[in-house]
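Only one structure is covered here, and it is reproduced in the block below.
The values are calculated or read from the model by the stated rules, or taken from the named source; none is laboratory data. Small disclaimer: the values here were computed from a predicted structure and weren't measured. When we count neighbours, we look across all protein chains shown, and the Cβ atoms used for this are built from the backbone with ideal geometry, even at glycine.
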Amino acid sequence: MATYKKHCMYCSQLIPGDSNLCPLCGSADPFHMRCPKCRNPIEGRWKVCSSCGMQLFTPCPSCGQTTRVAKFCGHCNAELLVTCPQKRCGVLQIMPADRKCIKCGKPFK
Ligand SMILES: [Zn+2]
Ligand SMILES: [Zn+2]
Ligand SMILES: [Zn+2]
Ligand SMILES: [Zn+2]
């Protein structure tokens, strides 16, 4: 059986059409765009999530280009979304420029 390939919504590379997780960028559900925070389905042109208000585009802290908020930057592949490693914090956020948690101030590695 021939494997058909589809473009990942996050990194736009061709990956097997039955992937539940993009093998190239690690995004879950690579063929449907969802809010990275609340998993609400979103559309490509939306600037913020209609459900939780999460910002969906951000300037990448590494390359400075505006990119869709996903686990990795669509331009330079730098890590974009981080979850604070502090157990009592655990806030999901776009990597701050100073690499410190926006909530508790603890630095990321
Ligand atoms: Zn991908
Ligand atoms: Zn949301
Ligand atoms: Zn980048
Ligand atoms: Zn934190």
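Assorted remarks:
- Among the residues listed as 34, 45, the single one being under 12 Å from the mean Cα position of the chain (by Cα), more than 16 Å from ligand 4 (Cβ to nearest atom) and of a type in the set (D, E, K, R): 34
- Residue within the stretch 16-38 that is within 30 Å of residue 105 (Cα to Cα) and outside any loop (DSSP other than H, G, I, E, B) present: yes
- Condition check for residue 67: without any contact (Cβ under 8 Å) to a residue 60 or more places away in the chain, away from ligand 2 (no atom under 16 Å from the Cβ) and not hydrophobic (A, V, I, L, M, F, W, C): yes
- Of all the criteria given as (1) away from ligand 1 (no atom under 12 Å from the Cβ); (2) closer than 30 Å to residue 104 by Cα; (3) modelled with pLDDT under 95, the one not satisfied by residue 4 is (2).
- Considered as a group, the residues in the stretch 60-109 that are among the charged types (D, E, K, R), in a loop (DSSP other than H, G, I, E, B) and more than 10 Å from ligand 4 (Cβ to nearest atom) include one that is nearest to the chain's Cα centre (by Cα), and that residue is 71.
- Scope the stretch 9-46; condition modelled with pLDDT under 85 and among the charged types (D, E, K, R); matching residues: 29
- Pairs meeting the criteria (first residue in the stretch 35-56 and touching a residue at least 40 places away in the same chain (Cβ under 8 Å), second residue of a type in the set (A, V, I, L, M, F, W, C) and near ligand 2 (Cβ under 6 Å from one of its atoms), beta carbons under 7 Å, at least 6 apart or on different chains) are 36/54; 37/49; 37/52; 37/54.
- Against the numbered list (1) assigned to a loop (DSSP other than H, G, I, E, B); (2) of a type in the set (D, E, K, R); (3) surrounded by 13 or more Cβ atoms within 10 Å (Cβ to Cβ), residue 45 comes up short only at (3).
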